[in-house]
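Q: Take this structure first; my questions come after.
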């Protein structure tokens, strides 16, 4: 089994739950598609290759305007690098 969110999706959510996965990495989108096929959820998972613009919108249509749940997996930043980040990035 490859890594990622897809294996957990099947075990956590009933079949009627649909999911949209968005990533700016084409490689991540391909891996997500492979995982979805491997675990049998490809019929309820839509994968979008998109970037988030500065105004927090996507550069392509990612689906309906509202969602019940949004999960984010932001990039890892080592604690030694946090002080060098722009103030709007630091949480």
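A short reminder: the numbers here are calculations on the coordinates, not readings from a lab. Everything numeric in this text was worked out from a predicted model, so none of it was measured. So basically every Cβ, Gly included, is an ideal-geometry build from the backbone, and we count neighbours across all protein chains shown.
Q: Given R₀ = 30 Å, what would the calculated FRET efficiency be for residue 81 paired with residue 44, taking r from the Cβ atoms and rounding to 0.05?
A: 0.20
Q: If you average 1/r over every pair of different alpha-carbon atoms in the range 24-91 and take one over that average, what Kirkwood value in Å do you get?
A: 14.7 Å
Q: Follow-up. Kindly rank 49-62, 66-79, 17-30 from highest to lowest mean number of other beta carbons found within 10 Å of each residue.
A: 17-30, 49-62, 66-79
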